[in-house]
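Each remark here refers to the structure printed beneath this line.
The values are calculated or read from the model by the stated rules, or taken from the named source; none is laboratory data. Keep in mind that what you see is a predicted model, and the values were worked out from it rather than measured. Cβ coordinates were reconstructed from backbone atoms using ideal geometry, including for glycine residues, and neighbour counts include every protein chain displayed. To get the accessible areas, we keep the full protein, side chains included, count just its heavy atoms, and leave off ligands, DNA and RNA. Shrake-Rupley method; radii C 1.70, N 1.55, O 1.52, S 1.80 Å.
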Amino acid sequence: MTICLSHGGPTTYSSEEPSNRLLVATVRGVATLERAGAGEPWNETGRALEEHHAIAIAREPESGVVLASTHDAGLFISEDDGQSWDKRTNGIASDNVYCVNYVRTNGDMRLFAGTEPAHLYVSDDLGRNWRELASLLSMPSVTNWTFPAPPHDAHVINVSIHPEDPDTVYACVEQGGLFKTTDGGETWQELQGFNDDVHRVLILSSNPDRLFLPTGYGFYRSDDAGENWNELSERIRPIGYPDPMVVNPLDEDVMFVCGGDADPYHWMQSKSANPKVARTRNGGESWEIVDNGMPPRLDASFEAMCINAWPGGSSIYAANTDGELWATDDEGESWQCVASGLSPISKTIHHNILQKDLSFDKHERQEA
C-alpha cells in the first residue's frame, strides 16, 4: 500500500500490513520513498514535479488516483499511482493550491481543493473541471481574512470531511476561521470559540461530533460538532504552535500532535522552531511529550505527519524543514531518523525562515 505525507492532505492510513512505499510533498516536488520491508531503511527512489513546491498529496486507495497540489503551479493528478502526472486546473483561478482532499459519494470520487487567495473548489470528474463553492466567500468575516506574510492573502489550508456524511465539510481558512457546511457547500456556518489562525480540524470516525483543532495560538476540542469548544493548550505544553495531527484509525484514543514552541515570527529571531510531539492514549484527556530518540533541541519544524496503522501495530511519520523523516513504530516511545537528505518538507516559506544552509539537498550535491 502507498501512503502519503504532506502538510495539506489526508494523514490517516490503515492497511493489513506496514506500507513500504511513501509519497512525500517537498519544496522540489513529490518524492517517492521505498524500503525492502518493515524495519528496513527508507530510500528515495523517484521524484516527480521537481520544479514545483508540492504542499499537499492525497491518494484514493481503491483506484490509485493521486492528487498533488503545489504553491506555484496549481494541481496535478495521477491515475497510475504516481507514475505519471497531468495538470488539471480548469476552473481554478490560482496556481497556489494549499490543500486537497476527496470523498467517495455514490460510488464516485469528489475532489476538493483549497487555494490562496482563499477559495474552495470541487470536482466530480477527477479534476478535469472544477467548480467554486463561492458561498464560502459570503461569510461576514471575509473582509478580515488575511495572512502575515506577503501578499497577505488568506488561504484555505485544510478541508476535512465527515466520515459518514459527504455533504458535511469543514474548511479551515488561515487566517480567517473555521467554516462548516452540511449541504455540500451550498451554505456555510462560521464556527466560533477560538482564534482565527486555524491550521486543521481532525474528526474522529468513531465519534464525528468530537473535533480537534490545532491553531497558531491554541489547541481546542469540540464534543458537539463545532458548536462549543474547550481549550486544551496547557495540556500539550511546551508546544506553542500546534499544527500536524494524526489519530490511530484502529484505536482513536491514541492521537499525536506536534509543533514548534512558538509561532514562526519567533523562529525568524531564533532560527529554531524547537518542535515537540505530544501523545494522548485516552482520547485527548491528558497528553505527554514523546521525543525519546530525538535530539534535545531540533531547529527544523515538523511540517507534515501521517500514521499507518494495521492489526497489531502502527507507524507514525513526521517530516521536517531539514528534509528529515522521523518515525516511531511503538506509539512514540522511541523515534528514529529513517531518511535524510530529502528536499525540505515545508508549508510556504518556513524552510527559508529556518534553514541556515540549503546545500544539504542531495540532488544539488550531485550536480555540484
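For ILE239, the criteria (1) open to solvent by 10 Å² or more (accessible area, probe 1.4 Å); (2) assigned to a loop (DSSP other than H, G, I, E, B); (3) aliphatic (A, V, I, L, M); (4) closer than 18 Å to TYR217 by Cα hold in every case but one, which is (1). Screening ARG128 against (1) in contact with a strand residue (DSSP E or B) (Cβ under 6 Å, 6 or more places away or on another chain); (2) open to solvent by 60 Å² or more (accessible area, probe 1.4 Å) leaves a single unmet condition, (1). Taking region 84-100 as the range and being surrounded by 14 or more Cβ atoms within 10 Å (Cβ to Cβ) and among the polar types (S, T, N, Q) as the test, the residues that pass are THR89, SER94, ASN96. Look through region 253-267, keep the residues that are out of contact with any Gly (no Cβ under 7 Å at 6 or more places or on another chain) and farther than 16 Å from ASN320 by Cα, and return whichever of them is modelled with the highest pLDDT. Out of the qualifying residues, it is VAL254.
Does SER314 satisfy the criteria of being closer than 19 Å to PRO18 by Cα, hydroxyl-bearing (Ser, Thr, Tyr), at pLDDT 95 or above and out of contact with any helix residue (DSSP H, G or I) (no Cβ under 7 Å at 6 or more places or on another chain)? Yes, satisfied. Within region 13-31, residues that are at positive phi have Cβ atoms under 8 Å from residues that are open to solvent by 20 Å² or more (accessible area, probe 1.4 Å) and part of a loop (DSSP other than H, G, I, E, B) in these pairs: GLY29/LEU49; GLY29/GLU50; GLY29/GLU51; GLY29/HIS52, counting only partners at least 6 apart in sequence or on another chain. Test of understanding: among SER286, SER346, which residue is in a loop (DSSP other than H, G, I, E, B), of a type outside the set (Asp, Glu) and open to solvent by less than 10 Å² (accessible area, probe 1.4 Å)? Just one listed residue meets the conditions, SER346. Just one of the numbered conditions (1) within 18 Å of MET255 (Cβ to Cβ); (2) surrounded by fewer than 22 Cβ atoms within 10 Å (Cβ to Cβ); (3) out of contact with any Gly (no Cβ under 6 Å at 6 or more places or on another chain) is not true of ALA278: (2).
Every residue, every condition in (1) of a type in the set (A, V, I, L, M); (2) farther than 13 Å from GLU174 by Cα; (3) at pLDDT below 95, yes or no:
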{"site": "GLY114", "(1), (2), (3)": "no, no, no"}
{"site": "PRO117", "(1), (2), (3)": "no, no, no"}
{"site": "SER141", "(1), (2), (3)": "no, no, no"}
{"site": "PRO150", "(1), (2), (3)": "no, yes, yes"}
{"site": "ALA154", "(1), (2), (3)": "yes, no, no"}
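From the list VAL122, VAL66, VAL103, the lone residue that is under 19 Å from VAL173 (Cβ atoms) and either open to solvent by less than 40 Å² (accessible area, probe 1.4 Å) or outside any helix (DSSP H, G or I) (or both) is VAL122. If you go through region 13-29 and keep only what is within 20 Å of TYR102 (Cβ to Cβ), buried (at least 18 other Cβ atoms within 10 Å of the Cβ) and out of contact with any Asp or Glu (no Cβ under 8 Å at 6 or more places or on another chain), you end up with TYR13, SER19, LEU23, VAL24, ALA25.
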